[in-house]
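Notes for the one structure printed next.
The values are calculated or read from the model by the stated rules, or taken from the named source; none is laboratory data. Small disclaimer: the values here were computed from a predicted structure and weren't measured. Ideal geometry is used to build each Cβ from the backbone, glycine not excepted, and the neighbour counts take in all protein chains shown.
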Number of protein chains: 4
Amino acid sequence: MSSTRKLKIGIVGGTGYTGVELLRLLAQHPSVQLTAVTSRSEAGQPVADLYPNLRGHLDIRFSEPDIATLTKCDLVFFATPNGVAMKTVPQLLDANVKIVDLAADFRLHDPLVWEQWYGIPHACVNVLQEAVYGLPEVNRDAVAKARIVANPGCYPTAVQLGFIPLLEQGLIDPQHLIADAKSGVSGAGREAKVGSLLCEASESFKAYGVAGHRHLPEIRQGLNQVAGGDVGLTFVPHLTPMIRGIHATLYGRLTVGNAGDLQALYVERYRNEPFVDVMPAGSHPETRSVRGSNVCRIAIHRPQNGDTVVVLSAIDNLVKGAAGQAVQNMNIMCGLPETAGLEQVALMP
Amino acid sequence: MSSTRKLKIGIVGGTGYTGVELLRLLAQHPSVQLTAVTSRSEAGQPVADLYPNLRGHLDIRFSEPDIATLTKCDLVFFATPNGVAMKTVPQLLDANVKIVDLAADFRLHDPLVWEQWYGIPHACVNVLQEAVYGLPEVNRDAVAKARIVANPGCYPTAVQLGFIPLLEQGLIDPQHLIADAKSGVSGAGREAKVGSLLCEASESFKAYGVAGHRHLPEIRQGLNQVAGGDVGLTFVPHLTPMIRGIHATLYGRLTVGNAGDLQALYVERYRNEPFVDVMPAGSHPETRSVRGSNVCRIAIHRPQNGDTVVVLSAIDNLVKGAAGQAVQNMNIMCGLPETAGLEQVALMP
Amino acid sequence: MSSTRKLKIGIVGGTGYTGVELLRLLAQHPSVQLTAVTSRSEAGQPVADLYPNLRGHLDIRFSEPDIATLTKCDLVFFATPNGVAMKTVPQLLDANVKIVDLAADFRLHDPLVWEQWYGIPHACVNVLQEAVYGLPEVNRDAVAKARIVANPGCYPTAVQLGFIPLLEQGLIDPQHLIADAKSGVSGAGREAKVGSLLCEASESFKAYGVAGHRHLPEIRQGLNQVAGGDVGLTFVPHLTPMIRGIHATLYGRLTVGNAGDLQALYVERYRNEPFVDVMPAGSHPETRSVRGSNVCRIAIHRPQNGDTVVVLSAIDNLVKGAAGQAVQNMNIMCGLPETAGLEQVALMP
Amino acid sequence: MSSTRKLKIGIVGGTGYTGVELLRLLAQHPSVQLTAVTSRSEAGQPVADLYPNLRGHLDIRFSEPDIATLTKCDLVFFATPNGVAMKTVPQLLDANVKIVDLAADFRLHDPLVWEQWYGIPHACVNVLQEAVYGLPEVNRDAVAKARIVANPGCYPTAVQLGFIPLLEQGLIDPQHLIADAKSGVSGAGREAKVGSLLCEASESFKAYGVAGHRHLPEIRQGLNQVAGGDVGLTFVPHLTPMIRGIHATLYGRLTVGNAGDLQALYVERYRNEPFVDVMPAGSHPETRSVRGSNVCRIAIHRPQNGDTVVVLSAIDNLVKGAAGQAVQNMNIMCGLPETAGLEQVALMP
């Protein structure tokens, strides 16, 4: 690729929150041009009419999801509901278009597990098995060579980045991991649902999906990989009254008498990661410190010097938990600097 | 006490959030009259000038904290900062005034533990040892006979009510309890602190005090009592961007093969409790469902039928976690119906 | 009516926010019993399943809207979408059931104006002309005799109560009234609409309906009555990121050289009104000071002693702006004390 | 200035919200380097410790406000409380340092008016008279030549940009302007004040300062300039429960029979302004559409085709209302492209 030619980028399903966040990031990305943003419901409407924050930044209209247009792209992002991408992706791969899917279609390697949690058979099992799980901090090399990347879910990103160093070193009991995670309401998407109304979700806090959440098998799959075996995980998601942000509070029981310097372990593990920030010992990351940025901030604690380790992991669910990580994967797949277009300072306050 | 004479009630320190919440509840209580509300800083000012929600409901002024006035009361609430009540309480007890302390002065039985966590020696150790810990669901009979009741902290109320049935029955490993608790910002009080500003605390989520929070020894003491031995507890409090509400997510590991019907256990344990509501199996209590009410709503889960039990416990930190429970204790101490003045329906939405 | 028999009350359309607020208030009302709460979509479900704040307070299920059941009531509230009540009300009136309609069906006296703003012909014009506009501060005597009361809209309540004393005395130019009104999101109801999502409506502020809002003709009609002629009104509603509350900022130009003591005018006008609180000169009412209560708090200002009067008027849109005023009207219509069931202290903080 | 040398920039008082917002913008500005960020209270502490969003973006510590350090800068921003800058500015001007003051010290031309509203005599009247009021849309040429620019207040920016086209054309009665303005809580700064606590300011709405706000004389001065004579203005500020954003709703009475196409007037007036966006007719700008961006979005309405014009004007109070406009002024003063470092897309949702 010439250094001056801009990548032609398409977005399928650009009306949801991950879609508009992709637009925000790509509109400011130095090496891409948006050539198609599709939406069946909004086709013909200027993108900036739906999202006035883009007025003056993006002069493009939503178009029908048309395969001929998309095959002219270098890379296409799918920001569609689960089950949509898997119907179109094979054609695009055949046309040598790279894919980053922000939905769940290609996240679980095992099609039976996929079917169990998503309720329908998988439509392209061979592509599923080719897809690379796009957590760069674990799979960077594979992402660089991938034709199709499954962009991780928001909870899975925060939880895996928090547990990885401990599990890689075999320091905690892998059978009794606890992930108590809290998400802002944008995680529920832009769909008009009563539970996401301001009057239902603000000034309140609740758990949900305790019996089983679709991100559970995804997290388990990722942690199995780093632990080298099956882990046992209790995952409890909660809804917290704010727009953006995930905070995962992770609990593991140390299995070795002398666990060593856990702070140093984390600092070392993430030393070269541009988007993981291990905070000083004793810190408590706030989700607002990553609002709008692609950073995961982590702090590690061992209360009262006991045998329970507590890891705090904070991301913006729409950025490192979705659109930002997708752009990071695009950068890696396309040979761009990994941080290109992703150096925004978080908005605080 | 004659059935018609109203109890004379004093409040020391009526300007904070637990103070105004006491005023809201007592202004509508059928069997009490407020005879003194003290505040050094606001003495002389009508209470309703500071809290206009009380306009038309309460025609009383803040007064200097004067021992002569307080000794004319039947019962005095302390809604003061930690360390204040213990200096005045002995005089009031001598004058046959009953006491409910909403601060922490009388919560920990062991004066050395108290000093360790609160940083100053305890001023009246004998009263400390007489004081009854006012969690009616555990200590109702002792409260009924008490001259002085230590009103539990907000986190301790939510956490203890959630763990009690499991620990009483010896069903979970008492050495590895985890309490992941989330509080609205009113828990930090009405003091002008940067961290409690809307621009700092809204649209963000964070843990705090992971290394050790003053409610940890209080919770441990209470759980030790019901478990019949020392428990091990990891307690992580979090700040969630809303005014009122605590949600505790509790994790315990089952130690018996056949734990039985946990839902039935909880229903049975709290069958006669007017202020504990065990929700149907599969429920997720929302904090807003108890906003302004004295109820603790609990749900019990056993995800994927594994060995980890998850209990969800929600209260209004200012009501069941402070002023409401204080009124409940007053009712019990003074022979009033336990629910008198406490039957408000939560405000939803 | 015997002093001991409780009024039998029905609610048609009990699932929305005004419906649940009616339930909250009526569940605590000393003189009523709820005999029917209808909802086509939720028929058969316990009311407290939808609104867990009512658990333990209300043991009734939603039922089909059945005319036979409703005719057994003494009074029926309609908390339905606009255009529903007018189809059923005539039958109920024939059966001697009193009606309070919380929707707009009976608010505008002129059926042509009604049709212009609501888009369909009115279904029972004769009832429309019989209906009394239920603003007790203006029409108390008529309400007391009414068979059917049109409960005022939320904005109209706040705006009219603010302007009335000035217009009654002819002190301001009636041709150039400005009402800049701000509402919490619950004013938009519990319907699942994108614009009411937390992620759309929180952390933002906007005007809406500047070209024309359905409350404009209602306010004008009410102000015409007190001004004794046609007024000119610019009404701009805004959406403010909170659940409950309306704050109207009203501007009028004084037309007389010596307008007299405006503060005294307001105090005198509302001296005997149980639910209008004229605050001391210089005050700024906060909407939270009326959260959950039936009070309208008003302050009057004349900045820099100029010719523009500024009136600040705050209500809880779900209480004095809807369900609370409806109960107030019920009390008046049924000969109960006007404040029965409406003496809650606002929840603050 | 060589095209490659970066401007040396100092910030005095970098701990408040306008300070950190300056840091966010300048950290990403292509043509500047921060050489000093002073804070008496935080001297020695890394800036990113106070504002973790800057971790990895800014490696500088707070320093004592030292005149020798500041005189080495090309330009110094004052983000200090009112009354501080005027004590230091003369020395810096003498050393050929350019100044942008974000406080109010140099906003009012008349030192007597300044003293009346700020309560102390002005400390450097000659500099006051030299200072240029930094509203580029009015004073761009003067800003370009200025040594010292008084950065406008937040309300004055939103109100003036909204009224200017109408007043320039003499279309409305200048004696009876009404500006009903609503601000997020960050406008009150990062100072620990009870009124700015989340528990006081969230879930509520109120007016404040109706009797007189310091931005009133500033707005009047600016409008006088464009109207060519003294205007009469009623200005009512309100606090709205969100972090960022100002929405001004402006009312003017048309004085000419045929006012022409007001939409076209606004489009034309701001056609070449990079940071004023006139929205299509019928629009309602949301403050979130400018969150984090330097844009002022405006919509113009004439309800029911009457004689009252309603202008809606929305800004981010910390960007176009403070730090962003300050950077815009810096760009103009220093010959940089006016939009340098200011092209962020607003964060939405």
*Could you list, in sequence order, the residues of segment D:176-189 that are outside any helix (DSSP H, G or I) and crowded, with 19+ Cβ neighbours inside 10 Å?*
D:His176, D:Leu177, D:Ile178, D:Ala179, D:Asp180, D:Ala181, D:Lys182, D:Ser183, D:Gly184
*Could you tell me which numbered condition B:Pro121 fails, if it satisfies all but one of (1) outside any helix (DSSP H, G or I); (2) touching a residue at least 12 places away in the same chain (Cβ under 8 Å)?*
(2)
*State yes or no: is D:Val256 assigned by TED's automatic domain parsing to the domain that holds D:Ala179, over 19 Å from A:Leu54 (Cα atoms), touching a residue at least 40 places away in the same chain (Cβ under 8 Å) and not aromatic (Phe, Trp, Tyr)?*
yes
*asked:* Between A:Leu112, A:Leu93, which is in contact (Cβ under 8 Å) with a residue 24 or more places away in the chain, of a type in the set (A, V, I, L, M) and either surrounded by fewer than 24 Cβ atoms within 10 Å (Cβ to Cβ) or within 22 Å of A:Ala326 (Cα to Cα) (or both)?
replied: A:Leu93
*Output the residues belonging to segment D:204-216 that are farther than 17 Å from D:Leu250 by Cα and either more than 7 Å from every other protein chain (Cβ to nearest Cβ) or not polar (S, T, N, Q) (or both).*
D:Phe205, D:Lys206, D:Tyr208, D:Gly209, D:Ala211, D:Gly212, D:Arg214
*Of all residues making up segment B:248-273, the number that are more than 21 Å from A:Leu233 (Cβ to Cβ) and either in contact with a Pro (Cβ under 9 Å, 6 or more places away or on another chain) or crowded, with 19+ Cβ neighbours inside 10 Å (or both)*: 7
*Scan (1) within 9 Å of chain C (Cβ to nearest Cβ); (2) within 24 Å of D:Val20 (Cβ to Cβ) for the single condition D:Pro303 breaks and write down its number.*
(2)
_With the requirement that a residue be at pLDDT 95 or above and either touching a Lys or Arg at 6+ places or on another chain (Cβ under 8 Å) or within 14 Å of another protein chain (Cβ to nearest Cβ) (or both), what does segment B:61-78 give you?_
B:Lys72, B:Cys73, B:Asp74, B:Leu75, B:Val76
*When residues of segment D:190-203 are limited to those that are within 14 Å of chain C (Cβ to nearest Cβ) and part of a loop (DSSP other than H, G, I, E, B), the one surrounded by the fewest Cβ atoms within 10 Å (Cβ to Cβ)*: D:Ser202
*Can you run down the residue pairs with Cβ atoms below 9 Å, 6 or more apart or on separate chains, where the first is in segment D:222-241 and part of a helix (DSSP H, G or I) and the partner is of a type in the set (S, T, N, Q) and surrounded by 18 or more Cβ atoms within 10 Å (Cβ to Cβ)?*
D:Gly222/D:Gln160; D:Leu223/D:Gln160; D:Gln225/D:Asn139; D:Val226/D:Gln160
*Failed condition for B:Cys334, given (1) closer than 19 Å to B:His29 by Cβ; (2) crowded, with 24+ Cβ neighbours inside 10 Å; (3) of a type outside the set (Ser, Thr, Tyr), with all others met?*
(2)
*asked:* Here is a check on your reading of the model: is D:Val20 outside any loop (DSSP other than H, G, I, E, B), away from every other protein chain (no Cβ under 14 Å) and under 22 Å from the mean Cα position of the chain (by Cα)?
replied: no
*Is it true that some residue in segment D:298-305 is surrounded by fewer than 22 Cβ atoms within 10 Å (Cβ to Cβ), of a type outside the set (Val, Ile, Thr), at pLDDT below 95 and out of contact with any Lys or Arg (no Cβ under 8 Å at 6 or more places or on another chain)?*
yes
_With the structure loaded, tell me whether B:Glu130 is in contact with a Phe, Trp or Tyr (Cβ under 9 Å, 6 or more places away or on another chain), charged (D, E, K, R) and within 20 Å of B:Lys98 (Cβ to Cβ) or whether it fails that test._
yes
*For segment B:261-275, enumerate the residues that are more than 10 Å from every other protein chain (Cβ to nearest Cβ), touching a residue at least 24 places away in the same chain (Cβ under 8 Å) and in a loop (DSSP other than H, G, I, E, B).*
B:Tyr270, B:Glu273
*Being over 15 Å from C:Lys8 (Cβ atoms) and either within 22 Å of the chain's Cα centre (by Cα) or surrounded by 17 or more Cβ atoms within 10 Å (Cβ to Cβ) (or both) is the filter; apply it to segment C:28-49 and report the residue that is nearest to the other protein chains (Cβ to nearest Cβ).*
C:Gln28
*Looking only at segment A:276-333, which residues are of a type outside the set (Lys, Arg), assigned to a helix (DSSP H, G or I) and closer than 24 Å to D:Arg244 by Cβ?*
A:Thr287, A:Ser289, A:Val290, A:Val319, A:Gly321, A:Ala322, A:Ala323, A:Gly324
*Inspect segment B:286-307 for any residue being in contact with a helix residue (DSSP H, G or I) (Cβ under 8 Å, 6 or more places away or on another chain) and farther than 19 Å from C:Leu54 by Cα and give the result as yes or no.*
yes
